[in-house]
1. Which whole-angstrom value gives the distance between the alpha carbon centres of segment 216-288 and segment 297-339?
2. Would you please give the FRET efficiency between GLU251 and PHE85, computed as 1/(1 + (r/R0)^6) with r the Cβ-Cβ distance and R0 = 25 Å, to the nearest 0.05?
3. Considering the chain as a Gaussian network with a 10 Å cut-off on Cα pairs, which listed residue, SER117, SER198, SER51, attains the greatest mean-square fluctuation?
4. For the residue pair LEU372 and PHE126, what label-to-label distance in nm results when each label sits 7 Å from Cα along the Cα-to-beta-carbon direction?
5. Using a 7 Å offset from the Cα along the Cα-to-Cβ direction at both LEU24 and ALA234, what is the distance between the two label points in nm, to one decimal?
6. If you look at just the Cα atoms of the chain, how large are its Rg and its Dmax in Å?
7. Summing -39500 (n - 2.57) over the DSSP H runs of n ≥ 4 in the chain and dividing by its residue number, what mean residue ellipticity at 222 nm do you reach, to the nearest 500 deg cm²/dmol?
8. With +1 assigned to the C-beta of every Lys and Arg and -1 to the C-beta of every Asp and Glu, and no other charges, what is the dipole magnitude of segment 20-142 about the Cα centre in debye, to the nearest 20?
Amino acid sequence: MSDFDVIVAGAGPAGLAAACLLALDGRRVALVAKEQGDASDPRTVALMQPSIRLLMHLGIWPGRLKEATQPLRKLRLVDDTGSLFKAPAITFDPAELGEEAFGWNFPLGLLIPALLSRARELGVEFTGADAAAIQIYSDGVSVITASGDRLGGRVAIAADGKNSVLREAAGIRTNRWAYDQTAIATSFGHSGPHDGISTEYHKGAGPFTTVPMPGNRSALVWMERPARAAELMALPDAEFAAEVQIGTHGELGRVSDIGPRRLFPMQGLVARDFAKNRVILIGEAAHVVPPIGAQGLNMSLRDAAQAADLMEGEEDPGNAALLSAYDALRRRDVQPRQQVIDLMNRSLLSGFMAMETGRAAGLMLLSQFGPLRRAVMKYGLAPSAGLPRTMRPPQGSAPALIA
Ligand SMILES: Cc1cc2nc3c(=O)[nH]c(=O)nc-3n(C[C@H](O)[C@H](O)[C@H](O)COP(=O)(O)OP(=O)(O)OC[C@H]3O[C@@H](n4cnc5c(N)ncnc54)[C@H](O)[C@@H]3O)c2cc1C
């Protein structure tokens, strides 16, 4: 008999969420990971309403996390490319969909510990060592940790990030590519209010995105060419603040109090199979996208919730039919989003007049045409059909998430 029903590898937000969900469903879950999440990560993640419902289901929202998060009341796209064909600024307002907020912006450094302590409460067993190898049998898996322990389970969930060991061991190949961009993630204080608005300034080297945090503070994801990003990283805080001031056109007032900065080289990755040989891929083990439109972790949480949905009531949670259903369902959600994000990003980097004109025309259409704008907003929030059960609004009631 297996020790566990499910073995999750990786204690990032996707793996922790999956472990919590499955433990809540009464599964025996092991979490194979050396470090228990990176609580010093300077990133914030904008989580949309379906992801918030998942956190409610897990019992960690609203709670203490809510005080450290900020509702996203509007999203603004500003064409800041300096191109000849400048598109008008577009504001996406959730009121057009009857909602008060798109979602909330969470510091990852707080979300990860909250998930971690919930996983402990729910009885998830932590190994304290990374996954080193996996052996796959017809009726289960055996995961070997870096410290030499061996854990038996019916299925493994690979949440061990973009260089996933489990994915490799399961023989799943990937398509991966690099962008000529690096993102600087940080945060900053400002003298003016942000009014809950996140602004994506589309510049020639990629988006420069401010995302509101509580008080007069915003997170920043600044995509730049790698050499320029390295120069910016080397600047003293005061000089970096002056660059942010220029980047925001002073729209948030005087910029100060720069938080820790970290570089993220921009890559894209998609697994050729999302599940195979008793291994299910979730999060960045399955797909990596540049941080445009706040899609990455929202998709990853849908992966976790979808896997839990399919496993519900299954005697063998790693059976072949379940894995093939997971593959089809997740591919349908992830691949078109990845293509839209890729196109949007490349249209900024290309420098080709035709591409720039096409992007400007598309943004113009969005700003003028309400039904198209609403359709894009709905799509950005979640897939139109097939949302996993723990992410759906309660039946027959409009979700009022602002407590
Ligand atoms: C600058 C930036 C801003 C972003 N903003 C947003 C946003 O606003 N909204 C949004 O939805 N998404 C956003 N994203 C995307 C989001 O951060 C990622 O989708 C998310 O962090 C992926 O989580 P994960 O758990 O899949 O991977 P990771 O966070 O990479 O976690 C993987 C974990 O696996 C561990 N690991 C590695 N190897 C092994 C092994 N062999 N065994 C066990 N464990 C292992 C690692 O140590 C790590 O803890 C952003 C990304 C970036 C770069």
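Rule-based calculations on the coordinates, nothing more; no lab input. Fair warning: this is a prediction, and the values are worked out from it, not measured in the lab. Here the Cβ positions follow ideal geometry from the backbone for every residue, glycine too, while neighbour counts run over all protein chains shown.
1. 28 Å
2. Computed FRET efficiency for GLU251 and PHE85 comes out at 0.65.
3. SER117
4. 5.0 nm
5. 4.8 nm
6. Rg, Dmax (Cα atoms, Å): 21.1, 67.
7. Value at 222 nm, helices only, nearest 500: -10500 deg cm²/dmol.
8. In debye, rounded to 20, segment 20-142 gives about 180.
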